[in-house]
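Undergrad: For reference, the structure I am asking about is given below.
The values are calculated or read from the model by the stated rules, or taken from the named source; none is laboratory data. The structure presented is a predicted model; accordingly, all values stated were derived computationally and were not measured. All Cβ positions, glycine included, derive from the backbone under ideal geometry; neighbour counts span all protein chains shown.
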Amino acid sequence: MAVRLAVGLLILGLAAGCRGASNLDAAIRDPGTVPPGIQVLLTPPFEPGKSVLTGSAPVRREVWDPVEGKPVPVFSLSAPDGAALSSEELAGMALAINFWASWCGPCRHEIPLLVERQAELPEDLLVLAVNLREAETKIAEFASEVAMELPIVLDPDGEVADLFGVRGLPTTIFVDPQGNLTATWQGVLDRAKLVQLTDTSLGR
């Protein structure tokens, strides 16, 4: 019940693969704005499993070393209303932790699939839509536009993205109900791959 209440608080109370440039921090320094020089690349079709842009972001030394079958680190994110959510509160549910931004064309392409999959597995799976470094007003506009009926949480400083070694958007981390990593997918998911990876997290 506590998890249900926490998730309920998160679900869009606001309003209703892009890889980083050579420096992700600089690329999205102006929240809600497409980084200069990449607008032309943000148009469909997107090839599942591949990011549209090249380059990487600086990775902090304390980045977790992802090993499938091993526990993911404890992390904390904030809801739009300011409430904190710890991963420890989500124990017992399979997670798909999706890092996204409104300027990311591939993210826009992928989100409807995540919404659909969440609706199919409401009791077993939680898709956490982790927005990276954007203003809440921009998030609200985008979420309303694409009918983003997912729990939205904020990573305004990119600390959780850094922890997971996120080097491009979208990136999705899959976790089983015991808190162990089952897969990391960088780039756009298609329907078949999303079903496969969520089923694996659920032990199917």
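Undergrad: Scan segment 101-113 and give yes if some residue there is of a type in the set (Phe, Trp, Tyr), touching a helix residue (DSSP H, G or I) at 6+ places or on another chain (Cβ under 6 Å) and buried (at least 21 other Cβ atoms within 10 Å of the Cβ), otherwise no.
TA: no
For (1) over 14 Å from the mean Cα position of the chain (by Cα); (2) closer than 15 Å to VAL72 by Cβ, each residue gets a yes or a no:
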{"residue": "VAL127", "(1), (2)": "no, no"}
{"residue": "LYS138", "(1), (2)": "yes, no"}
{"residue": "ALA143", "(1), (2)": "no, no"}
{"residue": "ALA147", "(1), (2)": "yes, no"}
{"residue": "GLY158", "(1), (2)": "no, no"}
{"residue": "ASP162", "(1), (2)": "no, yes"}
{"residue": "PRO170", "(1), (2)": "no, no"}
{"residue": "ASN180", "(1), (2)": "yes, yes"}
{"residue": "ALA183", "(1), (2)": "no, yes"}
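Undergrad: Those residues that are in contact with a helix residue (DSSP H, G or I) (Cβ under 6 Å, 6 or more places away or on another chain) and under 23 Å from GLY92 (Cα atoms), I need them from segment 179-197; list them, please.
TA: THR182, ALA183, LEU194
Undergrad: So, in segment 185-204, of the ones that are of a type in the set (Val, Ile, Thr) and under 21 Å from ASN131 (Cα atoms), which residue ends up farthest from the chain's Cα centre (by Cα)?
TA: Residues of segment 185-204 of a type in the set (Val, Ile, Thr): 188, 195, 198, 200.
Remaining after also requiring under 21 Å from ASN131 (Cα atoms): 188, 198.
Numbers: VAL188: 11, THR198: 14 Å.
Residue satisfying both the conditions and the ranking: THR198.
Undergrad: In addition: Please go through segment 150-204 and give me each residue that is among the β-branched types (Val, Ile, Thr) and not in a loop (DSSP other than H, G, I, E, B), ordered by number.
TA: Selection gives ILE152, VAL153, VAL160, THR171, THR172, ILE173, VAL175, THR182, THR184, VAL195, THR198, THR200.
Undergrad: Across segment 70-127, what is the number of residues that are polar (S, T, N, Q) and either farther than 23 Å from THR200 by Cβ or touching a Gly at 6+ places or on another chain (Cβ under 6 Å) (or both)?
TA: Kept after step one, since they are polar (S, T, N, Q), are these residues of segment 70-127: 76, 78, 86-87, 98, 102, 118.
This time we only want the ones that are either farther than 23 Å from THR200 by Cβ or touching a Gly at 6+ places or on another chain (Cβ under 6 Å) (or both), so: 76, 78, 86, 102.
Selection size over segment 70-127: 4.
Undergrad: Grab the strands (runs of 3 or more DSSP E) fully contained in segment 55-149, keeping just those with 1 or more residues being modelled with pLDDT of 90 or more and hydrophobic (A, V, I, L, M, F, W, C). So that I can check it myself, show each step before the final result.
TA: On the way: elements: 76-78, 84-86, 94-100, 125-132.
The strands (runs of 3 or more DSSP E) meeting that bar are 76-78, 94-100, 125-132.
Undergrad: Here's a follow-up. Answer with yes or no whether THR200 is closer than 25 Å to VAL74 by Cβ, of a type outside the set (D, E, K, R) and surrounded by 18 or more Cβ atoms within 10 Å (Cβ to Cβ).
TA: no
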